[in-house]
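The values are calculated or read from the model by the stated rules, or taken from the named source; none is laboratory data. Since the structure is predicted, the reported quantities are computational estimates derived from the model, not experimental observations. Heads up, the Cβs are rebuilt from the backbone with ideal geometry, glycines too, and the neighbour counts pull from every protein chain shown.
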Amino acid sequence: MATTQLLSTVEHREKLPEGYERPESDRPRLAEVVTDSNIPVIDLASPDKPRVVAEIARACRTYGFFQVTNHGISEELLEKVMAVALEFFRLPPEEKEKLYSDEPSKKIRLSTSFNVRKETVHNWRDYLRLHCHPLEEFVPEWPSNPAQFKEIMSTYCRQVRQLGFRLLGAISLSLGLEEDYIEKVLGEQEQHMAVNYYPRCPEPDLTYGLPKHTDPNALTILLPDPNVAGLQVLRDGGQWIAVDPRPNALTVNLGDQIQALSNGAYKSVWHRAVVNASQERMSVASFLCPCNSAVISPARELVADGDEPVYQSYTYDAYYKKFWSRNLDQEHCLELFRGQ
Ligand SMILES: O=C(O)CCC(=O)C(=O)O
């Protein structure tokens with residue numbers, strides 16, 4: 001595919017180009033979405049640690065999503081990350097072409113939509129996908145334009161990884177497990193980043209930035225655009241709710257692997273990104289992923305005596321391959337790993 005298919009290289013003013021319009025039955029119905037101010041906001045600097053763990057437990061059971069404040073990553077760094085990411089997408093087309101690929105297994109690539117080789121309808125998103133761990137191995141291949149990109153993004157990656165480990169510890173405790181339980185199971189965790197750019201869209205009612213999906217990894221930490229909402233989360237009962245970005249907060253969601261490890265107690269929730277006609281939007285998603293050989297199965301302590309675990313044991317490698325062999329918005333990938 002030629003780079004001209006990157007959305008960020010052309011201004012689309014009047015109509016969606018061919019291939020982006022969803023059928024009537026699969027549109028975002030933006031007028032029906034509500035903004036829910038109840039999405040939990042958890043202050044990680046609170047001295048009352050048991051309370052933080054209890055709040056995490058409640059957020060994971062009911063929403064699968066929460067926002068964290070006082071997370072230890074400075075406002076200044078968050079601003080720099082957003083600014084340098086935007087600068088990247090503003091580079092001239094010939095500069096972006098150097099990094100373009102639609103091969104999902106490529107560890108550093110600029111791409112568009114989700115999986116253009118498989119999907120039948122495209123999504124209104126360009127994204128830069130970066131593998132981030134070990135940093136020394138991958139940073140040399142990251143974009144060297146803008147000049148500050150590598151330094152700012154690698155500083156952010158290191159800090160977000162530490163935050164992720166803290167959260168995984170709190171999530172383990174909130175399940176009644178040892179604090180290091182999840183970290184031990186996941187092994188030497190991989191870390192990936194998706195720097196998402198959603199240009200202004202002429203017909204936002206007809207398409208998605210990203211259609212509904214769950215994340216295949218363990219934990220996702222999202223730096224949302226502070227000025228433009230676009231992330232929406234599905235509640236039980238089928239209501240889509242818009243997450244209102246809070247200044248300096250990071251949005252956390254559980255991936256499929258935490259749902260499996262928790263024996264289904266915690267949910268990897270469907271979410272999607274919608275676009276709008278008046279403003280471009282960015283987000284930077286950091287994914288903590290089990291190492292490929294990690295064996296994922298429900299924690300024994302969470303399977304009641306006499307019950308069978310909800311999910312089979314599998315390696316993360318097998319799960320990840322299955323996830324990428326499908327379309328993003330098919331049934332929950334974890335359903336394919338249910339116990340017999
Ligand atoms: O842009 C967003 O708010 C959501 C991004 C997302 O879900 C993803 O990158 O997987």
Extreme residue, farthest from residue 314 (Cα to Cα), among residues of the stretch 212-232 that are more than 10 Å from the ligand (Cβ to nearest atom) and either under 15 Å from the mean Cα position of the chain (by Cα) or crowded, with 24+ Cβ neighbours inside 10 Å (or both):
221
Quick check: anything in the stretch 56-68 outside any helix (DSSP H, G or I), at pLDDT 95 or above, out of contact with any strand residue (DSSP E or B) (no Cβ under 6 Å at 6 or more places or on another chain) and β-branched (Val, Ile, Thr)?
no
Here the residues within the stretch 266-289 that are under 25 Å from residue 152 (Cα atoms) and either away from the ligand (no atom under 11 Å from the Cβ) or part of a loop (DSSP other than H, G, I, E, B) (or both) are 279, 280, 288, 289
Of the criteria (1) surrounded by fewer than 16 Cβ atoms within 10 Å (Cβ to Cβ); (2) touching a residue at least 60 places away in the same chain (Cβ under 8 Å), which one residue 24 fails
(2)
How many residues does the stretch 107-119 hold that are free of Cβ contacts under 8 Å to residues at least 24 places away in the same chain and either surrounded by 14 or more Cβ atoms within 10 Å (Cβ to Cβ) or within 20 Å of residue 198 (Cβ to Cβ) (or both)?
3
For the stretch 79-92, does any single residue satisfy the condition of being among the small types (Gly, Ala, Ser), modelled with pLDDT of 95 or more, outside any strand (DSSP E or B) and over 20 Å from the mean Cα position of the chain (by Cα)?
no
Within the stretch 154-199, track down each residue that is in a helix (DSSP H, G or I), among the small types (Gly, Ala, Ser) and in contact (Cβ under 8 Å) with a residue 60 or more places away in the chain.
164, 170, 174
Residues of the stretch 81-137 that turn out to be within 14 Å of the ligand (Cβ to nearest atom) and among the small types (Gly, Ala, Ser), as a count
3
Counting only residues that are of a type in the set (Ser, Thr, Tyr) and under 22 Å from residue 254 (Cβ atoms), which one in the stretch 33-87 is surrounded by the fewest Cβ atoms within 10 Å (Cβ to Cβ)?
37
Looking at residue 169, is it small (Gly, Ala, Ser) and at positive phi?
no
